[in-house]
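Data block below; observations after.
The values are calculated or read from the model by the stated rules, or taken from the named source; none is laboratory data. Everything numeric in this text was worked out from a predicted model, so none of it was measured. Note that each Cβ is placed from the backbone with ideal geometry, even for glycine, and that neighbours are counted across all protein chains shown.
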Amino acid sequence: MVITAMMASSYSAKEEDGHHSGSAGLGGTAIRTRKPDNTAFKQQRLPAWQPILTAGTVLPAFFVIGLIFIPIGIGLYVTSNNIKEFEIDYTGTDMSSPCFNCSQSFSWNSTTPCKCILSFSLDQPFECQLTALSLCPQSNVFMYYGLSNFYQNHRRYVKSRDDSQLNGDERSLKEPSKECEPYRTNENKPIAPCGAIANSMFNDTLDLFYIDPNGTKTQIPLIKKGIAWWTDKHVKFRNPGSNPNLTAVFKETAKPVNWRKPVYELDTDPENNGFINEDFIVWMRTAALPTFRKLYRIIQKKNNMTPTLPRGNYSLEVIYNYPVRSFEGRKRMILSTISWMGGKNPFLGIAYITVGSICFFLGVVLLFIHHKYGNRNNNSDIPN
Amino acid sequence: MSARARAASQGSLEEPDDEVVPYSDDETDDELQSEDDLDRSEDQLPEPETRPPPAAEPGWSVRANDREYCNQPQFKKKSNAIKTYKYNFFTFLPLNLYEQFKRAANLYFLCLLILQIIPQISTLPWYTTLVPLVLVLGITAIKDLVDDLARHRMDKEINNRKCDVLQNGRFVETRWMHLQVGDVVRLKKNDFIPADILLLSSSNPNSLCYVETAELDGETNLKFKMGLKVTDERLQEENQLAQFNALVMCEEPNNRLDKFVGTMIWDAQSYALDLDNMLLRGCKIRNTDECHGLVIFAGNDTKIMRNGGKTRFKRTLIDKLMNYMVYTIFVLLVLICAGLAIGHTYWYESIGSKAWYLYDGLGYTSSYRGFLSFWGYIIILNTMVPISLYVSVEVIRLGQNTPAKARTTTLNEQLGQIEYIFSDKTGTLTQNIMAFKKCDPTSADGVVLDRGKNVDFSWNKYADKKFQFEDNFLISSIRSKKDPQILEFFKLLSLCHTVMVEQKEDELVYQAASPDEGALVTAARNFGFVFLSRTQDTITIMEMDHEETYEVLALLDFNSDRKRMSVILRFPDGKIRLYCKGADTVIYQRLDPNSRNKETTQEALDIFANETLRTLCLCYKDISQGEYEAWSQKHQEASVSMVNREEALDVVYEEIEQNLLLIGATAIEDKLQDGVPETIAKLAKADIKIWVLTGDKKETAENIGYSCQLLTDDMKIHYGEDVNVQLRNRQTQRRNDPQGRSKKLKEKFFTETSKNALIITGGWLNEILYEKKKKRRRLRLKKLRKRHTNSTSAPDSSQPVDDWEKEKRQEDFVDMACECSAVICCRVTPKQKANVVSLVKRYKKAVTLSIGDGANDVNMIKTADIGVGISGQEGMQAVMSSDYAFAQFRYLERLLLVHGRWSYIRMCKFLRYFFYKNFAFTLVHFWFSFFNGFSSQDVNDKLSLRFPKLYLPGQQGTLFNYKNFFISLFHGIFTSLMIFFIPYGAFLQTMGQDGEAPSDYQSFAVVAASSLIITVNLQISLNTSYWTFVNCFAVLGSIAIYFGIMFDIHSAGIHVIFPTTFTFTGAASNALRQPYLWLTIILTVGICLLPVICIQFLYQTIWPSVGDKVQRNRKKYELEDDEEERKKKKPAFQRGGRSRRSAYAFSHSRGYADLIASGRSIRQRPRVRPELRESIREVPQAENI
């Protein structure tokens, strides 16, 4: 017979002096105090939602994305197609080009402007047409100049400006930023506006004429205000001082080396002269890519009867000042209407359609795969 | 007679002794042998281990009470102050900065900073690098400072401990740090020993002094140290001590805890000193009111400090990987920049130089420009090499909580990668508490178990108040004295032992050589058989209500071969009886054939063993006077024999311990820490291998191995001999194979399918790993090679031919050990523990974790990748050097399996994401370069400075998974391509809805940056598998903050104030007004994310990971868990399912029999009998250390 005496007693080799309060004390208060706060955050027990990529969520998502993207793409594409755009290259690299002579005979020192005339015809009237997809913010036609192979985004070029000066700071006017070198001073006078960007400002003059079927040339009025961002015109760029007489303000400064006229002679309109000249502002907003276009003029609709630019023949008169031949650049003039999505660019529409289609297709493929593999794996157990 | 000698006498000359903790392999001078010596010893290989160490050339001398002498410069003696801190007030800044700049990343950014200051190169303002760099350095410095302050505090605490030092003839309380070599100190009970001290005298008889060496070797039983006879007699009083002027010559400071050789010269007499006279730093004085000693080694010269190993900077695997990645990225960066620079050169040659508008008046050649742009790109693309990575990693680590005290925050994620755990036994796996759990006094009567009510012990004035006890029947049968068997049972327990007793304010304090024995005697005391006192040849107990004194005729002490101990007593009525307790296997062989109760006891033993209790069988034998006298004669002869006395005694003991009558069995529980078996099982399931490294004896270690289910019955256990043979075979095989050097043997060591376990002792470990006596071996090797060229004799297989072979051997051993599911190393020194850890680290390239609680684990904790300290009973040394500290072993489970895994996954996901993000971000610049003449224009310089910080909150608390860096690289490339080219396609040749061209670079930047921010934040959302409101807030908040800040810095107001800094006026509002750009952003984000979703979904569907499955079936598993929990409630008892382990409860060392027999420990000072005095020095006590 076995007597099994259960004793929960213990003997500790170290207890002979009573320093430990018995074995029970070991798990007692001493340990409790060492625990971290038992809060949900510290113990990482916050209420949580654990999303899992299941067929139930992923497949509908793909179909829905496909179904949303395709119509957007179609909309974009159609809108883009409805936009009328006309582009004419007037660089004059070809012998046949009317501007060939101007481009060849360019010299920085010549005082007589070289003028060339290009004629073209529009086979459609230019005006934003109200269709289902192309909401027309305005029926104006916009005139752009475009440059190619022009690295307005070059690092040193981009930095070569003094925003303080352009903001009307008089100290910077006299003492332009070092970033402007080597277009900082000329003949010991500070250059205003300083820097490479300002120095290389586009200075061709473009005029547009409508040629009636009977041969009469009518100049189309080009509006040169309202082509810059409001913030640029009113915040970023300001003429120095409060003196409305810009000639006096800029007296102590030199014009940029490549400019023909000083900055205070950019326009006769005091609201569009000096640093707040909109052509200048547009130029100063540097382009992201070496091929870019910048807004030049706006052609306003005259009345409801005639389109902004009717169908017919036109001629473009260029005062050819801007040399691009040396770096193999191109110059273009662009006429375009505008829709809700902006100018003509089928890329985004096509991209949307493509992505939408792929999504839809993937949805089908995934559905198939899920059908084939999903159930099998759901049931299999985890080896322990 | 030492155990080593005993082993030698048993003929196992070349085999290491399992009983002895081997020397550590530190080379000391006395191990050097002359060449002549070698020549002689070579012929008698294998080397007998009994060779006495040649007398050390004393290189260290100490004169008592003479600081001047001891401060002589040639000794280079240091003060007792210890220093573990790294910096002081003045050195902090330079040293810390120096250390920080040793990090490649910091240095890299310093270089960047210098580059940015050069105006020709500078592409970004210099402060864009300075600010983050200063931030990083600052945060790290503050962290280091806090850590170091803690070390300062700890050092100060230790250095300012007090002890009494003899100064100018008086004992003065002094701080530890002012202690010097040569000082005479006085230590009191429970004091820590401040230095390595030569024991001079103590308040105990014969200058005996008990010490607890737990800090040194983890053993908690008390050891005794003894002063020299001469100092004991002449140095008890203060004035005597003040006159003390002996010169001590001894070995140089070393790290051998097991050895001390020295001579004391006093009054022209010289006395030999050994370890028995030394009190080592780190030990604690116990049961000794007062003792005096002479400081021999102080401070960093002490043996424990020498054993400490170096603190090294621990790096996690991910840290290392991260560094490699950073190097990879750096190389990539250089390549990219070189490519771009070449591109720039080419572009400048063909276009740039002709573009009049770009004229800058500098006149550099295009190749020089290319060179400059190379550096410019290095700066602009620096976001590829992530400086914020280090900060972010630190932030994440700080942000995580562990259930216990994390003493370092840099290793969290490594917790998820542990492959090997090295654990100390005592105090880590076990509580170091022995509990008398059950007993089985076989009784003729029937038994009624009356459980559930605690028994009242008030009848017994000696009962320990802490006792609880649940069997009233047992007590009542004792009290009624009905059952002689039960009475005999407890009487035996109270008589047959070597425990010593101390009366202290009406309380009895037992002092046992092993805690098991203490537990048994204490149990007997509670049952009414109180061991009261003993003299050299009597023992007095309280038998229920009356005192009884027995004459002790002989004490047949325990040793590990005998596995039993006996005592022969003459009862007051003249009857002679032998009481014996021992392991069941040993006892059953010696039982009288007519002994009753064999079967019932056997059953009980089975039950006990099943509960992994350590069992002992108790038995007795009556001896007639004549029989005793005859035996006594033999005993006398044996005990005076000069050769093989130990062996002779064993034979004599054997003779009398025959025909025993069984009384019953006891069961003692070496209490495991809570939850140890469960934890081990869980960890094993996670494929984490656990090695137990302990200073304990083989039997104890094996037992614990079983009780914590590290070892199971279906395992085949291999011991040192086995292993050695296996390894030797492998080595021979390699030697015989001519190509063996080059190819690696792949076949396994154990071909059987059963599970294997390895139990190996320190001695064998040294033997196997050729670690023993390095220098001598080297000399011998030289010799051997010399001889090898002369003769063609085969090299001795027990010795390696060269270092390569040694390395191979070690590798083999590690391979072999890793094939086993459990490895237990016992009798190992702290140094060996560390060696084993580093072996595994070296040959397995695995992540290791060491866990321990004592000072003997410090080295191992420092060596392992992660050190965990248990803040248990053995002091705080281990905790101080650990990376994590907690109270119990079982917390390891949660630390590793929960928090470790989380941290790991999190860190990995984070890293992958971080690289992805960085690539996506940086490579946008790269693509842009192709369109801006390779002139390194930043897409958005102000924003870019801002937004790595922007989504830092989004990373916190989200999960990341590191698969590999290239996936993130390609993912990053893909994303960056999309982010650049979709807007590019959309922007080319178009204009906004108000006619203004949106293709200016500011609008472009806004679109690209917005796409990037939205993409990366949604990417995080995709990676987040655990959404809390914090995550939601972080992700949405990041996007919101981004737009907020963007509109802010693009606002008109800020431009007016800082026109040159904030040039993006109106860009955001103008750009984001346009639906076209929004559509572009949506498309870009969509294209970036859809493939990721698709691939993730495909992976989960076709190749689901375990984690995916768990997630998917979470609910189901939770339910199952609950059920299991319910089922677990009733444990199944498998009768006889487990083989019995006859653990002899004297687990640590032999008892105090010698001590008792010599009478030295008895309170009443024995009258000095010359013959007894003589014998004192002859009895070596070395084994207790």
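Of all residues in the stretch A:314-366, those being at the interface with another protein chain (Cβ under 10 Å from one of its Cβ atoms), part of a helix (DSSP H, G or I) and β-branched (Val, Ile, Thr) number 5. Condition (residue is in contact with a strand residue (DSSP E or B) (Cβ under 7 Å, 6 or more places away or on another chain), surrounded by fewer than 18 Cβ atoms within 10 Å (Cβ to Cβ) and farther than 24 Å from residue A:115 by Cβ) applied to the stretch A:191-212: is it met by at least one residue? Scanning the stretch A:191-212, I find no residue that is in contact with a strand residue (DSSP E or B) (Cβ under 7 Å, 6 or more places away or on another chain), surrounded by fewer than 18 Cβ atoms within 10 Å (Cβ to Cβ) and farther than 24 Å from residue A:115 by Cβ, so the answer is no. Looking across A:233, A:224, A:255, one residue alone is closer than 20 Å to residue A:109 by Cα, in the same structural domain as residue A:270 (by the TED database), surrounded by 14 or more Cβ atoms within 10 Å (Cβ to Cβ) and in contact (Cβ under 8 Å) with a residue 12 or more places away in the chain. It is A:255. Number of residues in the stretch A:153-185 that are among the acidic types (Asp, Glu), at the interface with another protein chain (Cβ under 9 Å from one of its Cβ atoms), touching a residue at least 40 places away in the same chain (Cβ under 8 Å) and not in a loop (DSSP other than H, G, I, E, B): the value is 1. Could you tell me whether residue A:186 is modelled with pLDDT under 85 and either small (Gly, Ala, Ser) or farther than 30 Å from residue B:373 by Cα (or both)? When the stated conditions are applied, residue A:186 does not pass them. Considering the stretch B:1033-1122, the qualifying helices (runs of 4 or more DSSP H), each wholly inside and each with 1 or more residues that are touching an Asp or Glu at 6+ places or on another chain (Cβ under 6 Å) and modelled with pLDDT under 80, run over B:1075-1102.
Within the stretch A:236-252, take every residue that is touching a residue at least 24 places away in the same chain (Cβ under 8 Å) and surrounded by fewer than 17 Cβ atoms within 10 Å (Cβ to Cβ) and give me the one that is nearest to residue A:297 (Cα to Cα). Only one residue fits best here, namely A:244. Taken over the stretch A:251-292, the residue count meeting the criterion of being among the aliphatic types (A, V, I, L, M) and part of a loop (DSSP other than H, G, I, E, B) is 4. If we scan the stretch A:274-281, do we find a residue that is touching a Ser or Thr at 6+ places or on another chain (Cβ under 9 Å) and among the charged types (D, E, K, R)? The answer is no, given that none of the residues of the stretch A:274-281 is touching a Ser or Thr at 6+ places or on another chain (Cβ under 9 Å) and among the charged types (D, E, K, R).
A quick yes/no check of all residues on (1) surrounded by 13 or more Cβ atoms within 10 Å (Cβ to Cβ); (2) modelled with pLDDT of 90 or more; (3) facing another protein chain (nearest Cβ under 9 Å); (4) within 25 Å of the chain's Cα centre (by Cα):
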position	(1), (2), (3), (4)
A:46	yes, no, yes, no
A:49	no, no, yes, no
A:54	yes, no, yes, no
A:58	yes, no, yes, no
A:62	yes, no, yes, no
A:67	yes, yes, no, no
A:74	yes, yes, no, yes
A:79	yes, no, no, yes
A:83	yes, no, no, yes
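For the stretch B:702-759, filtered to residues that are hydroxyl-bearing (Ser, Thr, Tyr) and more than 25 Å from the chain's Cα centre (by Cα), the residue that is modelled with the highest pLDDT is B:732.
Looking at the stretch A:235-250, can you tell me whether even one residue there is of a type outside the set (Asp, Glu), in a helix (DSSP H, G or I) and within 11 Å of another protein chain (Cβ to nearest Cβ)? Checking the stretch A:235-250: at least one residue is of a type outside the set (Asp, Glu), in a helix (DSSP H, G or I) and within 11 Å of another protein chain (Cβ to nearest Cβ). All of B:690, B:704 fail the test of being over 25 Å from residue B:844 (Cα atoms) and of a type in the set (A, V, I, L, M, F, W, C), apart from B:704. Here residue A:149 fulfils each of the conditions (1) of a type in the set (S, T, N, Q); (2) buried (at least 23 other Cβ atoms within 10 Å of the Cβ); (3) in contact with a Gly (Cβ under 8 Å, 6 or more places away or on another chain); (4) in contact (Cβ under 8 Å) with a residue 60 or more places away in the chain apart from (2).
In the set (1) of a type in the set (Val, Ile, Thr); (2) in contact (Cβ under 8 Å) with a residue 12 or more places away in the chain; (3) touching a Ser or Thr at 6+ places or on another chain (Cβ under 8 Å), residue A:205 fails one condition alone, (3). When residue A:144 is tested against the conditions (1) under 20 Å from residue A:276 (Cα atoms); (2) touching a Gly at 6+ places or on another chain (Cβ under 6 Å); (3) not small (Gly, Ala, Ser), the lone failure is (2).
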